[in-house]
Amino acid sequence: MAMNYPVRQRSFKPPKDLAEYPVGIAFPAGHLVETNASWRSHRPVLDAGKCTNCRICWLLCPDGVIHTSKPGGLEIDYDYCKGCGICAKECRQKAIRMENEAL
Amino acid sequence: MMPAQKVFLSGNEAVAAGVRLARPHVIAAYPITPQTTVIERLAEMVEDESLKAEYLHVESEHSALSACIGASAVGARTFTATSSQGLLYMAECLHYASGGRFPVVMMNANRSLALPWNIYGDQRDSLSLLDCGWIQVYAEDAQESLDLIIQAYAIAEHPDVLTPMMINLDGFVITHTYELVSLPSQEDVDAFLPPFLTTNKMDLDHPMSLAFTAGPAYNQAFKQLQHQAVVSASKIICEVEERFGQRFGRNYPGLLETLYCEDAEFILVTLGSVAGTVRPVVEKLRSLGERVGLVRIRYMRPFPDTEIRNALAGAKAVGVLEKDISFGYEGTVFTNVNSALMRAKVQPPRLLNFVGGLGGKDISAEDIEQLFLRLKRPDDGETVVFI
Ligand code: SF4
Ligand code: SF4
């Protein structure tokens, strides 16, 4: 599920007291609490013309923010993309370009 | 109970035998004197398939514990062993394991810390890491070492505890000394120690984020829970020891052991193998009519504060003998004993801190007799005494 538009609206209920904390630092997956804090310096930009839809980027994105639900192509969720550039490096078609957005 | 086998084992070999009986899934360790023979025996057991475990050859102690944490995070029972510099090299991961509530069991061969370089036993390695959130226990001999390994999994994996546990053996004095050890049967250990079950693990059916960040709003609560868990381990330790005694016929006294403290005027408090030297001296002085006693601290965390107060309540003078010094102040065991006594609303006995055995310096029976004599002498204002 995290690989395809997580239900961002799933509400995070802060624990009220110690008894509501998990044992061990753990939380059910699927919760995205805050968008990235704008520390991304480069954003991946997809060239749909070059993309063969092989989904290597989707598979390797460490944050699972490349989504396949959009008909006809991929979509990068810039709210959560951290700009690591793995997708651009791994794309064999060179269909992803890292664009400087810190300027 | 199945008949136990009597075998002649070193402390390290007794630990390895205990680990095999506990059936860990993953062992990751890096060799260091005087721990090496533990993991050599375990590697042989894995190779000859008498122990069905994954044995990971790692490149450092930091990696050894990291591997155990990772394995524990998928619900595996894990074991590692180290000593001295290796334990310090693990320091970062010690906090990861306890903070993540991964019940890794580790044997530490107590050994001095460089410099000067030295491979012999003292307890500065583990005592300098008393605050890392692990349960810490100190064995007196090979049998206790073996029994503690088996008990450790039952304690550390208990749902109220879920905290890693460090079993300390004095380097060489315990690790390399051969003793006759009673080896429990696998059937009995299996009945005593069921497989490890936890919900604090990666699980495809219940996907969770594990071991993540907690900011200022939530971080302290996790630390409070960790503290509660170690405190509640006191009760679990006693329950586990009772169950152990019923099944294996060997009874352990809880967080500390006392000898003649009921009416003793002069008491030595110590931990680890040196208690074995103090014991016959106490017996001898008792036979001469001296009212002397011994407290052997077994667990440093959780700390037996109530038990310390009870044991030392009637004493005139108490000496804390430890192989440790917190430079510029006093020994860490002394600090803890002193703190426990300060909480008692009675006039505390006179307290002396005997620091000895550093870098393996011998502590003889004659030295112990001298310590009791020193306790009887009038207060000369000195607290920390190197022996
Ligand atoms: S790796 Fe490149 S070609 Fe493959 S799906 Fe991603 S962008 Fe398209
Ligand atoms: S830049 Fe990194 S985080 Fe962003 S989409 Fe590519 S792989 Fe994922």
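Filtering segment A:76-103 to residues that are within 13 Å of A:Cys57 (Cα to Cα) and more than 10 Å from ligand 2 (Cβ to nearest atom) leaves A:Arg92, A:Gln93, A:Lys94, A:Ala95, A:Arg97. Residues that are within 15 Å of A:Glu99 (Cβ to Cβ), away from ligand 1 (no atom under 11 Å from the Cβ) and either within 14 Å of another protein chain (Cβ to nearest Cβ) or assigned to a strand (DSSP E or B) (or both) within segment A:45-81 are absent altogether. Residues satisfying the criterion are present in segment A:56-68 (criterion: more than 12 Å from ligand 2 (Cβ to nearest atom) and not acidic (Asp, Glu)). Cβ separations smaller than 6 Å between residues 6+ apart or across chains give the following pairs from segment B:174-187 residues that are farther than 21 Å from B:Ser50 by Cβ to residues that are assigned to a strand (DSSP E or B): B:Thr175/B:Ala109; B:Thr175/B:Leu169; B:His176/B:Ser10; B:Leu180/B:Lys6; B:Leu180/B:Phe8.
Residues checked against (1) surrounded by fewer than 23 Cβ atoms within 10 Å (Cβ to Cβ); (2) modelled with pLDDT of 95 or more; (3) of a type in the set (Asp, Glu):
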position: B:Gly18; (1), (2), (3): no, yes, no
position: B:Leu21; (1), (2), (3): yes, yes, no
position: B:Pro24; (1), (2), (3): no, yes, no
position: B:Ile27; (1), (2), (3): no, yes, no
position: B:Glu40; (1), (2), (3): yes, yes, yes
position: B:Val46; (1), (2), (3): yes, yes, no
position: B:Lys52; (1), (2), (3): yes, yes, no
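For segment A:5-31: of the residues being more than 10 Å from every other protein chain (Cβ to nearest Cβ) and surrounded by 13 or more Cβ atoms within 10 Å (Cβ to Cβ), which is modelled with the highest pLDDT? Ranking the qualifying residues of segment A:5-31, first place goes to A:Arg8.
Got at least one residue in segment A:89-101 being modelled with pLDDT of 95 or more, within 14 Å of ligand 1 (Cβ to nearest atom) and of a type in the set (S, T, N, Q)? The answer is yes; a qualifying residue exists. Condition first: among the polar types (S, T, N, Q), within 18 Å of B:Tyr30 (Cα to Cα) and touching a Leu at 6+ places or on another chain (Cβ under 7 Å). Can you find one or more residues in segment B:121-128 that meet it? Checked against the condition, which is being among the polar types (S, T, N, Q), within 18 Å of B:Tyr30 (Cα to Cα) and touching a Leu at 6+ places or on another chain (Cβ under 7 Å), segment B:121-128 yields at least one hit.
The rows are residues; the columns are (1) assigned to a loop (DSSP other than H, G, I, E, B); (2) at pLDDT 95 or above; (3) buried (at least 20 other Cβ atoms within 10 Å of the Cβ).
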{"residue": "B:Asn168", "(1), (2), (3)": "no, yes, yes"}
{"residue": "B:Val173", "(1), (2), (3)": "yes, yes, yes"}
{"residue": "B:Glu179", "(1), (2), (3)": "no, yes, no"}
{"residue": "B:Val189", "(1), (2), (3)": "no, yes, yes"}
{"residue": "B:Pro194", "(1), (2), (3)": "yes, yes, no"}
{"residue": "B:Met202", "(1), (2), (3)": "yes, no, no"}
{"residue": "B:Asp205", "(1), (2), (3)": "yes, no, no"}
{"residue": "B:Ser209", "(1), (2), (3)": "no, no, no"}
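Scan segment B:163-179 and give yes if some residue there is within 14 Å of chain A (Cβ to nearest Cβ) and either within 23 Å of B:Arg41 (Cβ to Cβ) or not charged (D, E, K, R) (or both), otherwise no.
Among the residues of segment B:163-179, at least one is within 14 Å of chain A (Cβ to nearest Cβ) and either within 23 Å of B:Arg41 (Cβ to Cβ) or not charged (D, E, K, R) (or both), which makes the answer yes.
Taking the conditions (1) part of a strand (DSSP E or B); (2) touching a Gly at 6+ places or on another chain (Cβ under 7 Å) in turn, B:Val318 satisfies each one other than (2). Checking segment B:300-310 against the condition returns a match, with at least one residue being buried (at least 19 other Cβ atoms within 10 Å of the Cβ) and part of a strand (DSSP E or B).
The values are calculated or read from the model by the stated rules, or taken from the named source; none is laboratory data. All figures in this text were calculated on a predicted structure; none of them were measured in a lab. Ideal geometry is used to build each Cβ from the backbone, glycine not excepted, and the neighbour counts take in all protein chains shown.
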